[in-house]
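What follows is a set of notes on a single structure, which appears directly below.
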Amino acid sequence: MERKDFIRKGLMGTGMFVASAALGNVLKNDVDELTQLEPMGFNHLPNTESKLGDNMVLHKADTRGHANHGWLDTHHTFSFANYYNPERMHFGVLRVLNDDRVDPGMGFGTHPHDNMEIISIPLEGDLEHKDSMNNVAVIKQGDIQCMSAGTGIYHSEYNKNADKLTRFLQIWLFPRTKSVTPRYGQVTLDVKDRHNQLQQIVSPHSNDAGVWIHQDAWFHMGRFDKGFSTTYTVKKPGNGVYAFVIKGDVTIEGQALNLRDGLGVWNVKTLQITANSADAEVLLMDVPMVIG
């Protein structure tokens with residue numbers, strides 16, 4: 001099967017369109033392509049190039065997939081669009097971790113999704129969102145956005161600013177249940193609450209801190225002073241944790257990590273985290289290791 005035939009539904013994703021907010025030009029693009037997955041529970045087999053041991057995998061920042069579309073400069077931790085690495089398909093239910101930079105006046109035109117939990121975390125600037133559920137919103141630093149695509153939605157995202165870049169993390173998880181009713185969620189959090197502690201930003205519970213999704217996953221963000229140490233406790237037996245360094249340098253479970261490095265750990269109950277630089281920032285994604 002040709003890779004272009006993978007641009008379909010369900011676990012495969014769909015094609016995306018890119019547009020200039022200023023000019024309204026719309027071009028067909030493969031930015032949003034996902035490849036089909038074989039039935040499997042864990043991503044760390046074979047993953048031989050990245051394994052550190054029986055329960056740990058390291059993805060250095062400079063080993064990620066990269067594409068510069070001009071208006072969009074993006075790095076892919078896992079296989080996405082024209083980056084395909086069979087040893088980097090996913091980490092449990094964590095399927096996509098994209099580190100995106102969007103130019104002023106540019107963005108993602110209206111495009112479809114289904115059966116995916118999609119989380120956006122702005123790091124710089126802001127992004128305007130519109131969708132087929134009649135939601136119109138702007139997400140900015142401190143906000144967390146989620147969409148349960150479920151049976152299907154259409155949405156667009158633009159950097160409406162004429163003079164400022166937007167940087168954000170785009171994260172996709174396979175849902176616990178397929179074909180749910182689509183929904184949109186957004187919260188504004190006080191970033192001061194993650195100073196030298198882990199602030200919960202995503203959970204499976206609608207009455208819990210952060211946004212909620214249809215998956216037994218918990219996300220936390222922390223900003224740490226140099227030398228600060230903390231312990232994270234895995235939320236659910238069988239879950240693994242994928243750590244992504246947003247800023248600075250940290251050590252997790254004895255492994256030194258730098259800017260934009262990723263570390264996946266499973267078969268543990270806790271993680272030991274120490275900041276090695278001032279104002280280090282980390283995202284922890286506590287996710288089921290088995291799909292379905």
Checked against (1) in a strand (DSSP E or B); (2) open to solvent by 20 Å² or more (accessible area, probe 1.4 Å); (3) of a type outside the set (V, I, T), S120 satisfies every condition except (2)
Residue in the stretch 181-231 that is farthest from the chain's Cα centre (by Cα), counting only those that are open to solvent by 10 Å² or more (accessible area, probe 1.4 Å), of a type in the set (A, V, I, L, M, F, W, C) and under 19 Å from P288 (Cβ atoms): W212
Can you confirm whether the stretch 132-150 contains a residue that is farther than 19 Å from I273 by Cβ, touching a Gly at 6+ places or on another chain (Cβ under 7 Å) and without any contact (Cβ under 8 Å) to a residue 40 or more places away in the chain? no
Any residue in the stretch 221-247 that is more than 16 Å from L123 (Cα to Cα) sitting within a Cβ distance under 7 Å of a residue that is among the basic types (K, R)? List the pairs, counting only those 6 or more apart or interchain. T233/K269; V234/K269
Selected residue [surrounded by fewer than 21 Cβ atoms within 10 Å (Cβ to Cβ), of a type in the set (K, R), over 13 Å from the mean Cα position of the chain (by Cα) and part of a strand (DSSP E or B)] from K178, K160, K130: K130
Need the failing condition index for D208 against (1) in a strand (DSSP E or B); (2) over 29 Å from M89 (Cα atoms), just the number. (1)
Members of the stretch 69-84 that are assigned to a loop (DSSP other than H, G, I, E, B) and free of Cβ contacts under 8 Å to residues at least 60 places away in the same chain: H69, G70, W71, F78, S79, A81, N82
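The values are calculated or read from the model by the stated rules, or taken from the named source; none is laboratory data. Not measured: the values here are computed from a predicted model. Positions of Cβ are backbone-derived with ideal geometry, glycine not excepted, and every protein chain shown enters the neighbour counts. The area values use the complete protein model at the heavy-atom level, side chains included, leaving out ligands, DNA and RNA. Shrake-Rupley method; radii C 1.70, N 1.55, O 1.52, S 1.80 Å.
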